[in-house]
Amino acid sequence: MSKVENLDNILDRFGPHLHDEPYGGWQADRVIDKVVSTHCPYCAVQCGMNLLVEKDHVVGFEPRYDFPVNEGRLCPKGVTAYLQAHHPDRLEYPLIKRNGMFERASWGEALDLVAAKFIELREKHGRDSLALYSGSSLTTEKTYVMGKFARVGLGTRYVDYNGRLCMVSAAAGNNKAFGVDRAANPWSDIPLAEVLLIGGANVAETFPILNKYMWQQRDNGGVWIIIDPRETATARQGDLHLQLRPGTDVALMNGILHVVIKESLIDQQFIDERTNDWTAARDLVLEKYTPEYCAEITGVPAEKIIQAARIYGRAKTGYVLHARGIEHHSNGVDNVLSYINLVLATGKIGAAGKGYATFTGQGNGQGGREHGQKADQLPGQRSIMNPEHRKHICKIWGISEDELPQAGVSVVEMFQKMREGEIRGLMSVCNNVMVSLPDTNKVRESLEGLDFYVCIDFFMSESARYADVVLPGTAWSEDEGVTTSGEGRVLKINKASNPPGEAKPDWWIVQQLAKRLGREKFFPYTSTREMFEELREASRGGTADYGGISWERIEQENGVFWPCPTEDHPGTPRLFEEKFYHPDGRAKFHAIEYKGAEEKPDKEFPLILTSGRVVFQYLSGNQTRRIKFLVDQCPEPYVEIHPATAREMNIRDGERVKVISRRGDGVFPALIVKTIRPDTIFIPYHWGEQLAVNQLTNPVLDPTSKIPEFKACSARIEKIHSRELPILGQGRQGVSQSEVQK
Ligand SMILES: Nc1nc2c(c(=O)[nH]1)N[C@H]1C(S)=C(S)[C@@H](COP(=O)(O)OP(=O)(O)OC[C@H]3O[C@@H](n4cnc5c(=O)[nH]c(N)nc54)[C@H](O)[C@@H]3O)O[C@H]1N2
Ligand SMILES: Nc1nc2c(c(=O)[nH]1)N[C@H]1C(S)=C(S)[C@@H](COP(=O)(O)OP(=O)(O)OC[C@H]3O[C@@H](n4cnc5c(=O)[nH]c(N)nc54)[C@H](O)[C@@H]3O)O[C@H]1N2
Ligand code: SF4
Ligand SMILES: [Mo]
């Protein structure tokens, strides 16, 4: 692999540069020649927005009032999303690294080089020396083509996607309990529930527009129980906040279930008629998980555990929601199953106002985990290990069954295989591993050890910097296709303008590579619609059945909820009204023992470090760190420390401190807040390299979902005894500049 281009050099040439003006600046006399109805590129709420286009340039936006989820609302990321399209940092032509510097190349030259390298590696080291790592900000058509390209184009078993870092614990838990991976209820059921029980989700910052439904529920007299180690903006609005120690959700849920059983608040008829394996789960929590025992583990007072059980248990309706706070753990699947046990035991699922869902994260997090870019998955939520499923897909793809590779491994394991030399060539599309994978120092080693690395993005990223070839892809407003929002609603993204310079859609790039690899006939598409039609057929009869969904229906009906097997089927907003998706139609309980995070605090590392998001930045930050308004609001990461902990170490607000774990360290300004537990610290994760919290995080995986433990590792803080280090505070939330300077 060639040398990494120097960081200063990269910043100079490719940004992030701050930008807050659309092409030419906003002018009142603009002549808008096109209004394109579409959805936000960011989170899984997928708010409706119109893009305003003048002379093939996206120059503005409007929230859509006709889309029932946002009804004219957008959050701070949504209102600035359009600024990406013509941002000066856009990659406009292919880049090949020569002598450690990226140089402009033609498409022909770049694609020939990539194909030649892949062929060379395959001949020398076999097909599985290549890997494809994809993403869920892509439209579903693209995610489908990525899964197919890995198996049929490259012929490798090694393909995975960034949802592995996101929703896979929920997916695995939902598959185990219900036999399907999708929100059980549409969001419009939220206002119908008497109680919302929300675990590890900071909705106010991460899905701001869903607050609409939560406040409607509150207006109806509803109550909120919030489970989070931090008193987040969401927890502050709640009625009961269970401020647990990170990693202890199983103990908390078992404790709540214990009380629910003891006080006869279960729904025995529902349990008898619609579920299996109740007795083992019941006996375990009754025997061991008393509120007092659980209080000791979780740090939540026993009275609050009892209160939560009574509020949720006595209500006639309720909606349980969770997100990465419970899922980003080495026992993430257990956490999810322990929440589901409570839902099933009280029969609060499968009816109006009786709801359960995980908050899917990325814009197309749901669609991206359905159609075959996961290591063990084939389109339609089928399994690559199932002979019937293999047969169906091989027929659609026109390959023989022995040509279809077996299951690969998760992305963190793929990066391990790179260090071991088994994987030698990597193609990454739509992800930024130098920010988002745990244990950054090891990730760097993986990238530096590759024989060949090609990256497709529309902005230079912290990861692309390590690539041999960078290919310019398109932004979301430059192509069409579908996404599936967090509630399982399939939506249509529309094209507003042509890509700048020579940038090309991701699927076109893959198609050109397939041609050079001699696999052209398997990728004959002339339009995105053809990919969608093939994907529809491939999904037919699968769990995520899109058979009856057409682009026209999506536009006419403001989205269609899968499963939707035929054109005259109305779609399925609410699952489980009659049956669950296991063959006998019943849901399953699981007896779950508490294990906790892999690393427990000790003398050397006495604190629990957790990580997550802020409202103004998105994921690896490669898109939002270029938008001036968002950077003004939140320019850099910081470490949240409780005043008691800060006092012990004599740390002042805004002072830069060193945070150290068993894997690495980083320097962050302290943000002293009363809203965090004294034994816990929090760092937002949207920055890379020396600013990455992932220099510290633990790459240990959940044994089933293979998600890394982003939400709990052991750490310590050290003071930096240097006069030169400035005290910062500008633009951070919660502390004013004058307070910082006191
Ligand atoms: N502004 C913004 N919005 C986003 C995103 C973004 O990057 N920025 N990303 C999108 C994506 S991809 C995702 S996955 C979602 C994520 O959405 P969320 O899951 O809501 O976001 P996080 O901040 O990762 O984590 C949520 C909360 O988990 C808490 N937590 C930490 N450890 C534990 C624990 O052990 N138990 C419990 N119960 N809680 C714990 C944290 O304190 C934090 O407040 O957001 C989506 N929306
Ligand atoms: N410590 C810690 N780490 C975390 C998390 C955490 O809470 N804590 N959260 C995890 C979660 S939930 C997630 S989802 C991951 C996300 O981690 P990543 O997926 O690595 O981050 P993204 O910012 O989504 O990366 C997307 C990249 O692709 C580009 N891109 C966007 N759209 C397209 C497109 O259509 N085509 C192409 N070719 N490129 C595109 C963007 O410019 C960006 O560089 O991070 C995970 N990492
Ligand atoms: S809530 Fe999500 S989809 Fe809606 S505007 Fe904000 S980032 Fe976009
Ligand atoms: Mo995510």
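The values are calculated or read from the model by the stated rules, or taken from the named source; none is laboratory data. What you see is a predicted model; the values in this text were computed from it and never measured. Glycine also receives a Cβ, built like all others from the backbone with ideal geometry; neighbour counts cover every protein chain displayed. Ligands, DNA and RNA are excluded from the accessible area calculation, which covers all protein heavy atoms including side chains. Shrake-Rupley method; radii C 1.70, N 1.55, O 1.52, S 1.80 Å.
What's the total number of residues in segment 604-646 that are hydroxyl-bearing (S, T, Y) and at positive phi?
0
Is it the case that some residue within segment 400-409 is modelled with pLDDT of 95 or more and buried (at least 24 other Cβ atoms within 10 Å of the Cβ)?
There is at least one residue in segment 400-409 that is modelled with pLDDT of 95 or more and buried (at least 24 other Cβ atoms within 10 Å of the Cβ).
Name the pairs whose Cβ atoms lie under 9 Å apart, with the first residue in segment 212-226 and not assigned by TED's automatic domain parsing to the domain that holds H241, the second open to solvent by 10 Å² or more (accessible area, probe 1.4 Å) and aromatic (F, W, Y), and 6 or more positions between them or separate chains?
Hits for this filter: zero, empty list.
Could you please let me know if K374 is basic (K, R), outside the structural domain of N276 (by TED's automatic domain parsing) and either open to solvent by 10 Å² or more (accessible area, probe 1.4 Å) or not in a helix (DSSP H, G or I) (or both)?
yes
With respect to R662, is the statement that it is free of Cβ contacts under 8 Å to residues at least 40 places away in the same chain and surrounded by fewer than 18 Cβ atoms within 10 Å (Cβ to Cβ) true? I'd like the intermediate steps shown before the answer.
Numbers: free of Cβ contacts under 8 Å to residues at least 40 places away in the same chain: no; surrounded by fewer than 18 Cβ atoms within 10 Å (Cβ to Cβ): yes.
The answer is no for R662.
Across segment 681-690, which residue is nearest to the chain's Cα centre (by Cα) among those that are at pLDDT below 95 and outside any loop (DSSP other than H, G, I, E, B)?
The qualifying residue nearest to the chain's Cα centre (by Cα) is E689.
For a quick check of your reading of the model, give me the residue pairs whose first member lies in segment 37-50 and is under 13 Å from T206 (Cα atoms) and not assigned by TED's automatic domain parsing to the domain that holds V482, whose second is basic (K, R) and crowded, with 24+ Cβ neighbours inside 10 Å, with beta-carbon atoms closer than 8 Å and at least 6 apart or on different chains.
From segment 37-50, the pairs are Q46/R489.
Among the residues of segment 294-347, write down those that are more than 16 Å from ligand 2 (Cβ to nearest atom), under 21 Å from P678 (Cα atoms) and either assigned to a helix (DSSP H, G or I) or of a type in the set (A, V, I, L, M, F, W, C) (or both).
Those that are more than 16 Å from ligand 2 (Cβ to nearest atom), under 21 Å from P678 (Cα atoms) and either assigned to a helix (DSSP H, G or I) or of a type in the set (A, V, I, L, M, F, W, C) (or both): C294, A295, E296, I297, T298, V300, A302, E303, K304, I305.
List the pairs whose first member sits in segment 62-78 and is without any contact (Cβ under 8 Å) to a residue 12 or more places away in the chain and in the same structural domain as L51 (by TED's automatic domain parsing), whose second member is more than 11 Å from ligand 3 (Cβ to nearest atom) and open to solvent by less than 30 Å² (accessible area, probe 1.4 Å), and whose Cβ atoms are under 8 Å apart, counting only residues at least 6 apart or on separate chains?
Between residues of segment 62-78 that are without any contact (Cβ under 8 Å) to a residue 12 or more places away in the chain and in the same structural domain as L51 (by TED's automatic domain parsing) and residues that are more than 11 Å from ligand 3 (Cβ to nearest atom) and open to solvent by less than 30 Å² (accessible area, probe 1.4 Å), the close pairs are Y65/G72.
I want to confirm something. Restricting to segment 316-349 and keeping residues that are small (G, A, S) and open to solvent by 10 Å² or more (accessible area, probe 1.4 Å), which single residue is nearest to A184 (Cα to Cα)?
If we take residues in segment 316-349 being small (G, A, S) and open to solvent by 10 Å² or more (accessible area, probe 1.4 Å), then G325 is nearest to A184 (Cα to Cα).
Just checking, which of G72, G78 is modelled with pLDDT of 95 or more and in a helix (DSSP H, G or I)?
Step by step, each of G72, G78 is checked, and only G78 is modelled with pLDDT of 95 or more and in a helix (DSSP H, G or I).
Would you mind finding the one in L630, L575 that is buried (at least 22 other Cβ atoms within 10 Å of the Cβ), more than 16 Å from ligand 4 (Cβ to nearest atom) and not in a loop (DSSP other than H, G, I, E, B)? Talk me through it step by step, then tell me what you get.
Working: L575 fails: not in a loop (DSSP other than H, G, I, E, B).
The match here is L630.
Return the only residue of L192, L154, L197 being among the hydrophobic types (A, V, I, L, M, F, W, C), at pLDDT 95 or above, out of contact with any Leu (no Cβ under 7 Å at 6 or more places or on another chain) and crowded, with 24+ Cβ neighbours inside 10 Å. Please lay out each step first, then the result.
Values: L192 fails: crowded, with 24+ Cβ neighbours inside 10 Å; L154 fails: out of contact with any Leu (no Cβ under 7 Å at 6 or more places or on another chain).
Only one candidate qualifies: L197.
Could you say whether any residue in segment 33-47 is surrounded by 15 or more Cβ atoms within 10 Å (Cβ to Cβ) and more than 23 Å from F616 (Cβ to Cβ)?
yes
If you go through segment 189-212, how many residues are assigned to a helix (DSSP H, G or I) and closer than 30 Å to P583 by Cβ?
Number of matching residues: 1.
As an exercise: evaluate C564 against (1) closer than 17 Å to G541 by Cα; (2) part of a strand (DSSP E or B) and give the number of the one condition it does not meet.
The one condition C564 does not meet is (2).
Name the single residue, out of those in segment 95-116 being assigned to a strand (DSSP E or B) and over 20 Å from R424 (Cβ atoms), that is most open to solvent (accessible area, probe 1.4 Å).
Top of the filtered list is R104.
Out of the residues in segment 288-315 that are closer than 20 Å to P246 by Cβ and open to solvent by 40 Å² or more (accessible area, probe 1.4 Å), which is nearest to ligand 4 (Cβ to nearest atom)?
My answer is K304.
Select from segment 64-82 the residues that are open to solvent by 50 Å² or more (accessible area, probe 1.4 Å) and within 16 Å of ligand 4 (Cβ to nearest atom) and list them in ascending order.
Scanning segment 64-82 gives no hits.
Against the condition in contact with a helix residue (DSSP H, G or I) (Cβ under 6 Å, 6 or more places away or on another chain), within 16 Å of ligand 3 (Cβ to nearest atom) and of a type in the set (S, T, N, Q), how does Q617 come out, does it pass?
yes
Applying the selection to segment 224-251, what residues are part of a strand (DSSP E or B), open to solvent by 10 Å² or more (accessible area, probe 1.4 Å) and in contact with a Phe, Trp or Tyr (Cβ under 7 Å, 6 or more places away or on another chain)?
Correct list: R230 only.
Where the second residue is open to solvent by less than 60 Å² (accessible area, probe 1.4 Å) and the first is farther than 14 Å from I399 by Cα and lies in segment 515-526, which pairs have Cβ atoms under 6 Å and are six or more apart or on separate chains?
R516/A115; L517/A115; L517/G153; Y525/M531
Can you tell me how many residues in segment 175-188 are within 24 Å of V69 (Cα to Cα), in a helix (DSSP H, G or I) and not hydroxyl-bearing (S, T, Y)?
Qualifying residue count for the region: 1.
Just for strands (runs of 3 or more DSSP E) wholly inside segment 435-551: which have at least 2 residues that are at pLDDT 95 or above and of a type in the set (S, T, Y)?
Of the strands (runs of 3 or more DSSP E) lying wholly inside segment 435-551, those with at least 2 residues that are at pLDDT 95 or above and of a type in the set (S, T, Y) span 481-484.
Provide a single number: the residues in segment 139-169 that are within 11 Å of ligand 2 (Cβ to nearest atom), part of a helix (DSSP H, G or I) and not charged (D, E, K, R).
7
What are the pairs, 6+ residues apart or on separate chains, where a residue within segment 604-618 that is in a loop (DSSP other than H, G, I, E, B) has its Cβ under 8 Å from a residue that is among the aromatic types (F, W, Y)?
These pairs meet every condition: R613/Y685; Y618/Y42.
Out of (1) part of a loop (DSSP other than H, G, I, E, B); (2) open to solvent by 70 Å² or more (accessible area, probe 1.4 Å), what's the single condition that is false for E555?
Looking at each condition in turn, E555 falls short on (1).
Are there any pairs, at least 6 apart or on different chains, whose C-beta atoms fall under 6 Å, with the first in segment 124-149 and without any contact (Cβ under 8 Å) to a residue 12 or more places away in the chain and the second assigned to a helix (DSSP H, G or I) and within 16 Å of ligand 1 (Cβ to nearest atom), and if so, which?
Partner pairs satisfying both residue conditions: none exist.
What number of residues in segment 578-617 are of a type in the set (S, T, Y) and open to solvent by less than 20 Å² (accessible area, probe 1.4 Å)?
Residues meeting the conditions: 2.
Determine which single condition W215 fails, assuming it passes every other condition in (1) surrounded by fewer than 21 Cβ atoms within 10 Å (Cβ to Cβ); (2) not in a helix (DSSP H, G or I).
All conditions pass for W215, except number (2).
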